[in-house]
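> To start, I am sharing the structure in question, which I have written as structure tokens.
The values are calculated or read from the model by the stated rules, or taken from the named source; none is laboratory data. Bear in mind the structure is a predicted one, so any value in this text is a computation, not a measurement. Note that each Cβ is placed from the backbone with ideal geometry, even for glycine, and that neighbours are counted across all protein chains shown. Only protein heavy atoms, including side chains, enter the accessible area calculation; ligands, DNA and RNA are left aside. Shrake-Rupley method; radii C 1.70, N 1.55, O 1.52, S 1.80 Å.
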Amino acid sequence: MKFTDSPVIELPVGNGILSLQQDNGSMHVGTSVWPCSLVLVKFVDRWAQPSLNNPYAHILHFAGKRAVEIGTGCGVAGMGLYLLGLTDLVLTDIAPVMPALKRNLKVNKPLLRKTLKHYVLYWNNPQQISSLNPPFDFVIATDVVYIEESVPSLVSAMETLVSDDGVVLLGYQLRSPEAHKLFWELCDEVFDIEKVPHEHLHLDYAYEETDVFLLRKKKKKQ
């Protein structure tokens with residue numbers, strides 16, 4: 001699988017093709033298309049259809065489900081999973097990234113058939129988190145762990161946003177050793193962590209440095 005700095009990336013999803021505009025020259029990382037988002041979408045694309053030998057059929061059941069994406073960036077993961085069957089989706093990111101997200105939503109509106117809901121969200125802002133009306137069945141997050149200082153707010157936001165029986169769909173790549181260490185320490189306190197085997201990723205989108213994790217809230221002890 002090759003990643004590119006091309007201004008436009010096309011990603012086949014289900015029966016359509018997302019057209020993703022990116023700006024690698026921007027000072028904001030959210031305006032680039034990162035590998036994790038592509039890997040997560042194509043993992044779900046591979047296993048989206050229920051079958052007897054589908055180990056994720058009980059998880060990737062999107063019909064009637066609510067989802068929120070945090071750190072949406074260019075909108076790749078959210079739009080991709082919406083095309084794969086999500087009923088309701090909210091996309092969120094910081095204010096400076098919104099123009100890039102809105103541009104991609106506009107470009108792909110004919111394929112999406114609607115303009116998806118999108119809001120400014122800072123993970124350390126409880127009022128903004130509450131205004132999204134959690135909990136959600138799915139929280140989508142890709143390539144969001146790279147600044148150590150933001151990790152506690154990130155994990156807290158994921159915990160608040162996902163329902164007790166929901167799933168965090170996480171596309172992950174190690175960006176900062178310090179952020180990596182803290183993130184998984186805090187996640188282990190809150191979530192049961194399942195790493196998707198690399199052989200279960202889409203064969204054409206299996207980047208060796210990128211992983212997919214399924215996080216579920218730990219059951220509260222009675």
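> Tally Lys/Arg at +1 and Asp/Glu at -1 over every other residue whose Cβ is under 15 Å from the Cβ of Asn124; what's the total?
-4
> Counting Lys +1, Arg +1, Asp -1, Glu -1, what net charge surrounds Glu148 among other residues with beta carbon under 14 Å of its beta carbon?
-1
> Only Lys, Arg, Asp and Glu count, each charged at its Cβ (+1, +1, -1, -1), so figure out the dipole size of the chain about its Cα centre, rounded to 20 debye.
In debye, rounded to 20, the chain gives about 860.
> Moving to a separate point now. Nearest 5 is fine: what % of DSSP beta bridges in segment 107-222 come out antiparallel, could you say?
The antiparallel proportion sits near 60 percent.
> Per the 1.4 Å probe, what fraction of the accessible area of segment 118-222, in percent, lies on carbon and sulfur atoms?
49 percent
> Give me the log10 of I(q) over I(0) for segment 174-222 at q = 0.21, 0.22 Å⁻¹, as the Debye formula computes it from C-alpha points; what are the numbers?
-0.85, -0.89
> When ranked by the protection proxy of mean other Cβ atoms within 10 Å per residue, highest first, what sequence do the peptides 51-62, 98-109 form?
Packing proxy ranking, top to bottom: 98-109, 51-62.
> If we sort 70-82, 33-45, 114-126 on the protection proxy, mean other Cβ atoms within 10 Å, highest first, what's the order?
The packing order, highest mean first, is 70-82, 33-45, 114-126.
> Could I have the simple spin-label model distance between Val107 and Ile147, label points 7 Å from Cα toward Cβ, reported in nm to one decimal?
2.5 nm
> Right, another one. Hey, if you put +1 on the Cβ of every Lys and Arg and -1 on every Asp and Glu Cβ in the chain, which of Val33, Val190, Pro12 ends up farthest toward the positive end of that dipole?
Pro12
> Here is a further query. Provide, in order from the shortest bin, the percent of all Cα-Cα pairs of the chain in each 10 Å bin, continuing until the bin that contains the maximum pair distance.
8, 36, 40, 15, 1, 0
> Which one of Gly85, Pro110, Pro134 has its Cα pushed farthest toward the positive end of the charge dipole of segment 16-143, where Lys and Arg give +1 and Asp and Glu give -1 at the Cβ?
Pro110
> For segment 93-146, what is the convex hull volume of the alpha-carbon atoms per residue, in Å³?
116 Å³
> Also, quick follow-up: Rolling a 1.4 Å sphere over the protein heavy atoms, what is the accessible area per residue of segment 102-189, to the nearest Å²?
On a per-residue basis, segment 102-189 sits at 51 Å².
> Report the net charge of residues surrounding Val41, where surrounding means a beta-carbon distance below 15 angstrom and charges are Lys +1, Arg +1, Asp -1, Glu -1.
Charge balance in the 15 Å sphere: -4.
> Let me know the Kirkwood hydrodynamic radius for segment 49-136, please, with Cα pairs as the basis and the value in Å to one decimal.
13.9 Å
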